[in-house]
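The structure under discussion appears below in the form of structure tokens.
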Amino acid sequence: MKKILTIQDISCMGKCSLTIALPILSAMGMETVILPTAVLSTHTMFKNFTVKDLTDQLLPITAHWKELGVKFDAIYTGYLGSAEEIEIAKKIFADFGGEDTLIFIDPVMADNGKLYAAFDMAYAKLNAGLCGAADIIVPNITEACFMTDTEYKEVYDEAYILELLDKLAGLGAKTVVLTGVSLSPGKTGVYGLDTVSGRHFIYQNDRVDASYHGTGDLFSSVAVGALMRGLSMEDAFRIAADYTADTIRVTLEDPKEPWYGVNFEETIPALLKMLEEEEKKQK
Ligand code: PXL
């Protein structure tokens, strides 16, 4: 069984970060080891949430794992709360990384042209540095712009995306995948670049006109799980994009609280079916 370490916060109620990564990766057949960076009462779309930072716990926890000789098939980082936690993530990559460990970074910090309230430009630069240590990074367009000093555009063409991918490649990751890329009306998806071979890949599906908290975490968790199941980059990101869109569609039928998160619990059986069908095709 593959063993994945995921490093991100735990927002106890509301669906994002670890409350998505853990059930999704477990359902996909992965042993999932968690390193919670902070405990929040709810995710940050609720008012008056509490936060307990866990920065001082991270290295003692990983030192214990080191003593036990633990090895991971993948390390997947999501929302990290501070500059110090980025430095710690780098140290964890150095301590547990290696040829047989896929490092997957979702540099969660911004969307729709803006940094989230907790972050500033200095944090974006540190995140860019962290991305240099990755095998795969999956920024959205906003995050890519902040990390590469590029002007953010709501309306863009393919040349803009190709330029962003080249700049992201300059950060040092082996594969860079831009998310939320729309190259024609009503479509959205991913545009990737394997920086070793220079090969691009693109996948566009139908855009669902709704925005839910935690969908980036769902997308990344599924992509990591699919890669660990042995799917190619193209197949893993296509399934992650399709599954995320399908889950948003299912959630739209639930009239309550659109900011709460998506009803991924209902769509896990469909995800497993999608994966099994893909795997059967490849046999
Ligand atoms: O879904 C990303 C995420 C995770 N955790 C916390 C967040 C966010 C995005 O805003 O605030 C605490």
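The values are calculated or read from the model by the stated rules, or taken from the named source; none is laboratory data. All values derive from a computational prediction rather than experimental measurement. Here the Cβ is made from the backbone with ideal geometry for all residues, glycine too, and neighbour counts use every protein chain on show. For the accessible areas, the whole protein counts, side chains as well, though only heavy atoms, and no ligand, DNA or RNA atoms are used. Shrake-Rupley method; radii C 1.70, N 1.55, O 1.52, S 1.80 Å.
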- prompt: Between a first residue in the stretch 210-236 that is closer than 20 Å to Lys256 by Cα and a second residue that is open to solvent by 10 Å² or more (accessible area, probe 1.4 Å) and more than 16 Å from the ligand (Cβ to nearest atom), which pairs have beta carbons less than 6 Å apart while being 6 or more apart in sequence or on different chains?
  reply: Ala210/Leu252
task: Look through Thr215, Thr251 and report the one residue that is of a type in the set (S, T, N, Q) and farther than 25 Å from Val176 by Cβ.
output: Thr251
- prompt: Give me the pairs: first residue in the stretch 89-103 and of a type in the set (Asp, Glu), second residue open to solvent by 30 Å² or more (accessible area, probe 1.4 Å) and modelled with pLDDT of 95 or more, beta-carbon distance under 8 Å, and six or more apart or on different chains, which are they?
  reply: Asp95/Lys66; Asp100/Lys71; Asp100/Asp73
statement: Note on the stretch 139-165: residues more than 18 Å from Tyr203 (Cα to Cα), surrounded by fewer than 19 Cβ atoms within 10 Å (Cβ to Cβ) and acidic (Asp, Glu) are Asp149, Glu151, Glu154
- request: For the stretch 87-145, enumerate the residues that are among the polar types (S, T, N, Q) and part of a helix (DSSP H, G or I).
  value: Asn127, Thr142
- prompt: Would a scan of the stretch 107-127 turn up a residue that is within 16 Å of the ligand (Cβ to nearest atom), out of contact with any Phe, Trp or Tyr (no Cβ under 6 Å at 6 or more places or on another chain) and on the phi > 0 side of the Ramachandran plot?
  reply: yes
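Among the residues of the stretch 171-214, write down those that are within 16 Å of the ligand (Cβ to nearest atom), open to solvent by less than 30 Å² (accessible area, probe 1.4 Å) and polar (S, T, N, Q).
In the first step, residues of the stretch 171-214 are kept if they are within 16 Å of the ligand (Cβ to nearest atom); the result is 179-180, 210-214.
Filter once more, keeping what is open to solvent by less than 30 Å² (accessible area, probe 1.4 Å): 179, 212, 214.
Answer for the stretch 171-214, where residues must be within 16 Å of the ligand (Cβ to nearest atom), open to solvent by less than 30 Å² (accessible area, probe 1.4 Å) and polar (S, T, N, Q): just Thr179.
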- prompt: Among Thr55, Thr62, Thr32, which is within 20 Å of Ala118 (Cβ to Cβ) and polar (S, T, N, Q)?
  reply: Thr55
query: Of the residues that sit in the stretch 56-85 and are open to solvent by less than 60 Å² (accessible area, probe 1.4 Å) and among the charged types (D, E, K, R), which one is nearest to the ligand (Cβ to nearest atom)?
result: Glu85
task: Go through the residues of the stretch 46-55 one by one and say whether even a single one is within 13 Å of Val224 (Cβ to Cβ) and surrounded by 14 or more Cβ atoms within 10 Å (Cβ to Cβ).
output: no
statement: Filtering the stretch 241-283 for residues that are hydrophobic (A, V, I, L, M, F, W, C), out of contact with any Phe, Trp or Tyr (no Cβ under 7 Å at 6 or more places or on another chain) and assigned to a helix (DSSP H, G or I) leaves a count of 8
message: Among the listed residues Val196, Val250, Val176, identify the single one that is hydrophobic (A, V, I, L, M, F, W, C) and closer than 23 Å to Ala124 by Cβ.
response: Val176
